[in-house]
Amino acid sequence: MGDNGSYVLGLKGLKSDSDDKSILSELKKNEKNHTSFKNDVKNIFESLPNNRYARAVFLFYEKYNIEIIRQMKRDGNWADFCKSLNRNMTFRIDGDIVLAACDSQIIDYKISSTVNENNEAICLVTGAKEKPVSTTYSTFVRGSKSNAKLVSFQITSGYDSYGKEKGLNAPISEDAEFKYTTALLTLLSKNSRNKFVIGSRTFLFWSSADNVVGHKAEESLFDLFGFSDAEDDDPNAKIEQVRKVFKAIYSGELNTSLDDKFYILGLAPNAARIAVVYWAEIPLKEFAERINRHFEDMEITGANKPYMALRSILGAVTLGGKASDATPNLPDALVKSIFQGIPYPYTLFAECIRRIRAEQSIYTTRAAIIKAYLNRLNNINEQNIKVMLDKNNTNPGYLCGRLFAVLDKIQEDANNQHTIRERYMNSASATPSAVFATILNLSSHHSEKLNEGRNVFFEKLKQEIIDKLDADGFPAHLDLQDQGRFFVGFYHQRQAFFTKNEKEENNNNQ
């Protein structure tokens with residue numbers, strides 16, 4: 001006796017100012033759902049002919065047409081009503097306080113009609129009337145009890161809705177239950193290459209395409225998330241091949257059908273049941289595009305294998321570099337950001353900054369994380385960070401990072417030390433104006449130990465960077481995002497020095 005507007009009135013998408021033509025179009029669009037609901041009302045009335053609520057609703061539908069809808073439009077609440085058409089609604093007789101859907105006779109009828117005389121019910125998976133299972137098979141996931149199930153109901157704990165017991169609360173046929181539990185157990189098996197475990201989350205994935213392309217997509221996703229036969233294997237070893245596969249799928253080099261889908265299911269332990277924490281059904285080509293975007297966002301200069309596996313990314317933001325020690329919920333959030341193409345989690349960025357500050361160390365993976373996080377924010381007031389050194393980037397944080405890298409390099413060439421980095425990097429990245437006067441003065445003493453050519457080179461580079469800063473000088477404070485740009489600017493400038501040295505060595509050897 002209740003459902004959303006598509007079923008009850010056939011008007012789920014109607015707007016308050018819709019004309020007759022739009023109303024008729026909406027009725028046509030929702031005809032199947034609306035007819036199904038009216039048939040349900042008719043069955044209830046025929047079974048309960050003396051029930052005043054069943055009779056009133058049945059008579060309403062006997063007269064329901066576009067003229068009734070025109071009368072409804074004249075009501076002062078019509079505009080607000082149209083906004084609620086996607087919500088569940090039911091009927092109430094004028095003057096009564098009891099809703100039709102809450103009438104005890106109607107509730108008893110709905111319960112008794114769920115299971116017929118042959119103990120059959122409508123299976124929620126197949127839609128066919130078949131004998132339902134009373135309990136489902138256990139499908140253990142990491143962290144759950146050995147008897148955990150995807151579908152189960154605890155007896156006498158408020159979950160037995162409308163007096164139904166066990167599996168009748170969500171009827172599933174024996175055949176459907178056998179098929180889905182068998183599929184789950186296969187995907188969850190010890191040697192399955194269609195799963196990966198992140199903290200307390202178990203993710204299962206598969207392609208609808210049972211062909212070479214579908215199998216390559218599944219194998220590549222397994223490799224992307226850093227799993228290997230031996231824990232000490234390089235988690236990035238196969239990532240270049242992963243990139244090639246997904247790029248080929250997206251470009252069409254590996255041909256796929258528009259009907260090919262990729263499925264991802266996220267499970268988590270939850271008392272005696274297994275909770276579904278993530279579900280996605282994505283066209284295979286669209287999924288390949290999202291994986292490719294992750295590769296592009298993470299790409300940065302200086303990386304021999306720039307397309308980092310998940311284990312490497314998480315290890316870069318933890319003490320000791322162990323992905324298993326990552327902040328709770330971070331791995332799960334990171335996976336979802338990759339799958340959905342949404343901004344990377346703030347925690348990933350903040351933890352990366354924290355590790356850099358603690359260790360005064362920014363290497364390839366950390367620089368890639370900061371670049372990817374900031375670029376996905378799509379801040380229209382800021383330039384996107386490029387793969388390599390960008391001399392046109394005038395962000396004050398990026399410029400201060402570049403300048404700090406120059407001063408660090410001068411000390412390294414002069415004394416083979418990095419005391420400036422060890423003592424001043426954290427403060428320089430947060431409050432540049434309080435630090436740079438001091439370290440520029442120190443750098444002048446270091447420059448005296450360089451030969452004239454190197455000294456001139458560094459002085460020109462320092463001036464080139466300082467000239468791009470605001471006329472007021474060094475900023476007094478950098479927010480966390482600009483601190484991230486500071487570290488990427490430092491990394492880019494350091495990599496530019498290495499590249500220049502490599503070119504000079506190659507030229508000398510020729």
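The values are calculated or read from the model by the stated rules, or taken from the named source; none is laboratory data. Quick caveat: nothing in here was measured; it's all calculated off a predicted structure. When we count neighbours, we look across all protein chains shown, and the Cβ atoms used for this are built from the backbone with ideal geometry, even at glycine.
Failed condition for Ala372, given (1) closer than 18 Å to Leu461 by Cβ; (2) in the same structural domain as Ala326 (by TED's automatic domain parsing), with all others met?
(1)
Does Ala405 count as touching a His at 6+ places or on another chain (Cβ under 9 Å), assigned by TED's automatic domain parsing to the domain that holds Pro328 and among the small types (Gly, Ala, Ser)?
Numbers: touching a His at 6+ places or on another chain (Cβ under 9 Å): yes; assigned by TED's automatic domain parsing to the domain that holds Pro328: no; among the small types (Gly, Ala, Ser): yes.
Taking the combined requirement at face value, the residue does not satisfy it.
Among Thr438, Thr431, which is the only one that is within 22 Å of Asp482 (Cβ to Cβ), out of contact with any His (no Cβ under 9 Å at 6 or more places or on another chain), β-branched (Val, Ile, Thr) and surrounded by fewer than 22 Cβ atoms within 10 Å (Cβ to Cβ)?
Values: Thr431 fails: out of contact with any His (no Cβ under 9 Å at 6 or more places or on another chain).
One residue alone meets the criteria, Thr438.
Can Arg421 be described as surrounded by 17 or more Cβ atoms within 10 Å (Cβ to Cβ), at pLDDT 95 or above and either in contact with a strand residue (DSSP E or B) (Cβ under 9 Å, 6 or more places away or on another chain) or in a helix (DSSP H, G or I) (or both)?
Working: surrounded by 17 or more Cβ atoms within 10 Å (Cβ to Cβ): yes; at pLDDT 95 or above: no; either in contact with a strand residue (DSSP E or B) (Cβ under 9 Å, 6 or more places away or on another chain) or in a helix (DSSP H, G or I) (or both): yes.
Spelling it out, it is not the case that Arg421 is surrounded by 17 or more Cβ atoms within 10 Å (Cβ to Cβ), at pLDDT 95 or above and either in contact with a strand residue (DSSP E or B) (Cβ under 9 Å, 6 or more places away or on another chain) or in a helix (DSSP H, G or I) (or both).
Kindly evaluate Phe457 against the criterion of being outside the structural domain of Arg366 (by TED's automatic domain parsing), surrounded by fewer than 16 Cβ atoms within 10 Å (Cβ to Cβ) and part of a helix (DSSP H, G or I). Before you say what the answer is, go through the steps one by one.
Working: outside the structural domain of Arg366 (by TED's automatic domain parsing): yes; surrounded by fewer than 16 Cβ atoms within 10 Å (Cβ to Cβ): yes; part of a helix (DSSP H, G or I): yes.
Yes, satisfied.
Exactly one of these conditions fails for Asp408: (1) closer than 30 Å to Asn292 by Cβ; (2) in a helix (DSSP H, G or I); (3) of a type outside the set (Ser, Thr, Tyr). Give me its number.
Every listed condition holds for Asp408 apart from (1).
Each row is one residue, and each column tells you yes or no for (1) closer than 28 Å to Ile198 by Cα; (2) part of a loop (DSSP other than H, G, I, E, B); (3) out of contact with any Lys or Arg (no Cβ under 7 Å at 6 or more places or on another chain); (4) at pLDDT 85 or above.
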residue	(1), (2), (3), (4)
Thr135	no, yes, no, no
Ser138	yes, yes, no, no
Asn147	yes, yes, yes, no
Ile155	no, yes, yes, no
Tyr159	no, yes, yes, no
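Residues that are within 40 Å of the chain's Cα centre (by Cα) and either small (Gly, Ala, Ser) or in the same structural domain as Asn169 (by TED's automatic domain parsing) (or both): list the helices (runs of 4 or more DSSP H) wholly contained in the stretch 1-112 that include at least 1 such residues.
On the way: elements: 5-8, 20-29, 31-47, 52-63, 66-73, 78-82.
Counting at least 1 such residues, we get 5-8, 20-29, 31-47, 78-82.
Does Gly2 satisfy the condition of being touching a helix residue (DSSP H, G or I) at 6+ places or on another chain (Cβ under 6 Å) and at pLDDT below 85?
Values: touching a helix residue (DSSP H, G or I) at 6+ places or on another chain (Cβ under 6 Å): yes; at pLDDT below 85: yes.
Yes.
Quick check on this structure: which one of Lys409, Lys391 is among the basic types (Lys, Arg), closer than 17 Å to Ala496 by Cα and crowded, with 17+ Cβ neighbours inside 10 Å?
Answer to the check: Lys409.
Residue by residue through the stretch 250-274, note down the ones that are surrounded by 16 or more Cβ atoms within 10 Å (Cβ to Cβ) and either without any contact (Cβ under 8 Å) to a residue 24 or more places away in the chain or among the acidic types (Asp, Glu) (or both).
Asp260
Could you list, in sequence order, the residues of the stretch 1-32 that are more than 12 Å from Cys82 (Cα to Cα) and surrounded by fewer than 17 Cβ atoms within 10 Å (Cβ to Cβ)?
Gly2, Asp19, Asp20, Lys21, Ser22, Leu24, Ser25, Lys28, Lys29, Glu31, Lys32
Is at least one residue of the stretch 209-224 in contact (Cβ under 8 Å) with a residue 12 or more places away in the chain, part of a strand (DSSP E or B), assigned by TED's automatic domain parsing to the domain that holds Ile338 and farther than 16 Å from Ile338 by Cα?
No, the conditions are met nowhere in the stretch 209-224.
Within the stretch 369-378, does at least one residue satisfy the condition of being closer than 21 Å to His477 by Cα, of a type outside the set (A, V, I, L, M) and without any contact (Cβ under 8 Å) to a residue 60 or more places away in the chain?
No.
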